[in-house]
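Colleague: What follows is a single structure, and I will ask about it in a moment.
The values are calculated or read from the model by the stated rules, or taken from the named source; none is laboratory data. On a predicted model such as this, the values are computed, not experimentally measured, just so you know. Note that each Cβ is placed from the backbone with ideal geometry, even for glycine, and that neighbours are counted across all protein chains shown. Side chains are part of the model used for accessible areas, which takes the heavy atoms of the whole protein and leaves out ligands, DNA and RNA. Shrake-Rupley method; radii C 1.70, N 1.55, O 1.52, S 1.80 Å.
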Amino acid sequence: MALSAASLIPQIASAATVTVDVRGPDGKPLAGAIVLVDTPRKPAGPIKFDYAYEMAQKNITFAPHVLIVPVGSTVTFPNRDKVRHHVYSFSKAKRFDLKLYGKDETRSIVFDKVGPVALGCNIHDAMNAFIMVVDTPFAVQTDANGRAVINGVPAGTAALRIWHPTIRTPDNMQSQPATVNASGYNTTYTIRGR
């Protein structure tokens with residue numbers, strides 16, 4: 001028995017690549033969806049992504065349109081427009097109100113609760129964006145072909161979650177169980193309903 005338990009250790013400790021092709025209800029690739037993989041084992045240290053946690057205002061839009069940040073992160077909101085902006089959110093995960101501020105000014109907010117945060121501007125109604133606050137290091141957006149590739153996922157049981165603002169469910173998210181093998185996990189996920 002000890003021999004078979006020991007033979008499982010390399011598989012449990014191994015890291016795999018998860019590849020998910022996300023399709024909309026119409027069957028077409030869904031760009032800009034967020035794919036998250038939740039594993040039973042949480043990371044030992046703080047979660048970090050290798051990009052700036054910044055939601056800029058530029059050309060009367062938010063850039064990027066969707067930003068993934070780890071829970072506890074400070075996100076900066078630099079204004080790179082010649083006009084003033086008033087950024088706000090009424091989301092469950094984070095409510096805030098950044099009163100009017102002008103060109104080359106920056107405000108910041110700490111995102112201390114997991115979940116999607118919808119952003120708007122009180123001055124420019126057409127401006128909208130999203131910040132997804134996560135507690136997993138395994139979170140990426142789908143590319144133009146609807147594909148998400150996540151490296152380093154521990155083999156074993158997991159939950160696969162898909163978020164997109166057009167998904168008509170609570171928090172715009174759907175999920176399914178997954179078993180990640182040492183050789184990897186590949187699936188196509190089609191969003192249910194409208």
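Colleague: 5 Å is the cut-off here: which amide hydrogens, built 1.01 Å from N in the peptide plane, fall below it relative to GLU105, excluding neighbours closer than 5 in sequence?
Modeller: When sequence neighbours closer than 5 places are left aside, the close amide H contacts are ASN79.
Colleague: While we're looking at this one, here's another question. Expressed in nm to one decimal, what extension gain is obtained for the pair ASP171 and ARG23 from 0.36 nm per residue of sequence separation less their Cα-Cα distance?
Modeller: Using 0.36 nm per residue and subtracting the Cα-Cα distance, I get 51.4 nm.
Colleague: Multiply the residue separation of PHE49 and ASP135 by 0.36 nm, subtract the distance between their alpha-carbon atoms, and state the gained length in nm to one decimal.
Modeller: Working: separation 86, 0.36 × 86 = 30.96 nm, distance 1.17 nm.
Gain on extension, PHE49 to ASP135, equals 29.8 nm.
Colleague: Further, regarding this structure: Express the relative contact order of the chain as a whole percentage, based on alpha carbon pairs under 8 Å and six or more residues apart in sequence.
Modeller: After rounding, I find 34 percent.
Colleague: Next up: Ignoring ligands, DNA and RNA, what percent of the 1.4 Å accessible area of segment 72-179 is carbon and sulfur?
Modeller: Roughly 50 percent of what the probe reaches on segment 72-179 is carbon or sulfur.
Colleague: Give me the percent of Cα-Cα pairs in segment 25-177 that sit more than 27 Å apart, rounded to a whole number.
Modeller: The share of Cα pairs beyond 27 Å in segment 25-177 comes to 25 percent.
Colleague: Another one. Rounded to the nearest 500, what is the chain's calculated 222 nm mean residue ellipticity when only DSSP H runs of at least 4 contribute -39500 (n - 2.57) each, over all residues?
Modeller: Helices in the chain give a 222 nm mean residue ellipticity of -2000 deg cm²/dmol.
Colleague: Between ALA31 and LYS82, how high is the FRET efficiency from 1/(1 + (r/R0)^6) when r is the Cβ-Cβ distance and R₀ = 45 Å? Nearest 0.05.
Modeller: Using R0 = 45 Å, I get an efficiency of 0.90.
Colleague: For HIS65, what accessible surface area do you get with a 1.4 Å probe? Give it in Å², rounded to 10.
Modeller: Result for HIS65: roughly 90 Å² accessible.
Colleague: For THR187, THR136, what's the largest-to-smallest order of accessible area, 1.4 Å probe? Mind dumping the intermediate values first?
Modeller: Values: THR187 30, THR136 5 Å².
If we order THR187, THR136 from most to least accessible, we get THR187, THR136.
Colleague: So if we plug the beta-carbon distance of ARG192 and ALA144 into 1/(1 + (r/R0)^6) with R0 = 22 Å, what FRET efficiency do we get, rounded to 0.05? Mind dumping the intermediate values first?
Modeller: On the way: r = 22 Å, r/R0 = 1.02.
Once rounded, the FRET efficiency stands at 0.45.
Colleague: Tell me the label-point distance for the pair ASP112, LYS99, using the 7 Å Cα-to-Cβ offset, in nm and rounded to one decimal.
Modeller: So the two model labels end up 2.2 nm from each other.
Colleague: I would also like to ask the following. So how tilted is helix 2-13 from the main axis of the chain? Cα-based, degrees 0 to 90, rounded to 10.
Modeller: In the chain, helix 2-13 runs at an angle near 20 degrees to the longest axis.
Colleague: Another question, then. Using 31 Å as the Cα-Cα cut-off, could you pick out the over-long pairs in LYS28/LYS99; LYS42/LYS99; LYS42/LYS103; LYS28/LYS82; LYS48/LYS99?
Modeller: Beyond 31 Å: LYS28/LYS99; LYS42/LYS99; LYS42/LYS103; LYS28/LYS82.
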